Amino acid sequence: MDVGQPTLDQLRLFLAVVDEGSFNAAARKLGRAISVVSYGITTLEAQLGVALFEREGSRKPVLTDAGKAMLAQARAVADDVDALMAGVLNFNQGLEAELGLAVDVMFPTSLMAEILREFQHAFPTVLLRLHVEALGAIAALVVDRAADLGIGGPELVAVSELERIVIGEVRMIPVAAPGHPLALMETVPPGEVRKHRQLVLTDRSRLTEGKDFSVFSANTWRLGDLGARHALMREGIGWGSMPEHAVQADIAAGRLVRLSLPEAPGMAYTFNALWRRDCPTGPARQWLLDAFKARLQQCPS
């Protein structure tokens, strides 16, 4: 049997009757005459070849089995159309359809998760593409237009295409496992760190190729993954500097020890927001920039 194609208006009439519980209430909600609602439902049933409501023996229309089967699909269609219209309206008002975000691995993960959760609620129609990278890879993603906004670390090399503002910092501290030779020394003499393997965060960005960040040892292992570096430190394989927020629990539990190194007693890791000068600022990107700046400044460095 051929089935007619229902209109969006007919589906909205059907949903209104279900939600309001009667044809009269649906008509009031939609601002339509009850005859229009009744005719719309009757026409929809004729097109589909099924009865959607049991009208006999009840003051209120009750869904038939066919009506129950159709309800979820009708809601999905209406929701998809609503989302489409909201997206078009937002686009016409200047809201980005999609947005690329690149965040430095040193940024506190819990803060980033909070920001992104709030972003989803504030901008449900914006498709967000997230990259989490290290050092110069953040700037490279923005330069290459793979990301519209970067939350990067200290400026390792000036990039003329980018605008840059400082939004805050976290504290970096040197740590090692309790059994590491550096951790066993009461006083670490100058130059001693050069004798021990340093686990260094690195990236493969063309912008920072050959650049080092806080490297003190001639013996290094270079890793692009902060989690892997963290795990190797806990195993005593090397020492290195980590964001203080990322190792507080390990220090409290005795899995890591803060080192007193004359060359690297601790330092601030500055975060910068980056974007291309030739890309206009949209409301979603501005919201993210403001949120990262505000949240970072509330976090103890």
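The values are calculated or read from the model by the stated rules, or taken from the named source; none is laboratory data. Fair warning: this is a prediction, and the values are worked out from it, not measured in the lab. Every residue, glycine among them, receives a Cβ derived from its backbone with ideal geometry; neighbour counts consider all protein chains shown.
Return yes or no: is Gln47 surrounded by fewer than 18 Cβ atoms within 10 Å (Cβ to Cβ), over 29 Å from the mean Cα position of the chain (by Cα) and modelled with pLDDT under 85?
yes
Return only the number of the condition from (1) of a type in the set (Lys, Arg); (2) farther than 27 Å from Ala231 by Cα; (3) free of Cβ contacts under 8 Å to residues at least 40 places away in the same chain that Arg194 does not satisfy.
Going through (1) of a type in the set (Lys, Arg); (2) farther than 27 Å from Ala231 by Cα; (3) free of Cβ contacts under 8 Å to residues at least 40 places away in the same chain one by one, Arg194 breaks only (2).
Having 1 or more residues that are of a type in the set (A, V, I, L, M, F, W, C) and within 17 Å of Lys293 (Cβ to Cβ) is the bar; report the strands (runs of 3 or more DSSP E) wholly within the stretch 87-187 that clear it.
It comes to 98-104, 149-152, 162-176.
Could you check the stretch 173-227 and list, in sequence order, the residues that are within 15 Å of Pro262 (Cα to Cα), surrounded by 14 or more Cβ atoms within 10 Å (Cβ to Cβ) and either among the acidic types (Asp, Glu) or modelled with pLDDT under 85 (or both)?
Glu192, Ser214, Val215, Phe216, Ser217
For the stretch 265-277, check the following and say yes or no: at least one residue is surrounded by 20 or more Cβ atoms within 10 Å (Cβ to Cβ), at pLDDT below 90 and within 19 Å of Met172 (Cβ to Cβ).
Yes: the stretch 265-277 contains one or more residues that are surrounded by 20 or more Cβ atoms within 10 Å (Cβ to Cβ), at pLDDT below 90 and within 19 Å of Met172 (Cβ to Cβ).
Could you check the stretch 1-40 and list, in sequence order, the residues that are surrounded by 15 or more Cβ atoms within 10 Å (Cβ to Cβ) and within 16 Å of Gln73 (Cα to Cα)?
Answer for the stretch 1-40, where residues must be surrounded by 15 or more Cβ atoms within 10 Å (Cβ to Cβ) and within 16 Å of Gln73 (Cα to Cα): Pro6, Gln10, Leu11, Arg12, Leu13, Phe14, Leu15, Ala16, Val17, Val18.
Given Ala291, Ala246, Ala252, Ala284, which one is assigned to a helix (DSSP H, G or I) and free of Cβ contacts under 8 Å to residues at least 12 places away in the same chain?
Answer to the selection: Ala252.
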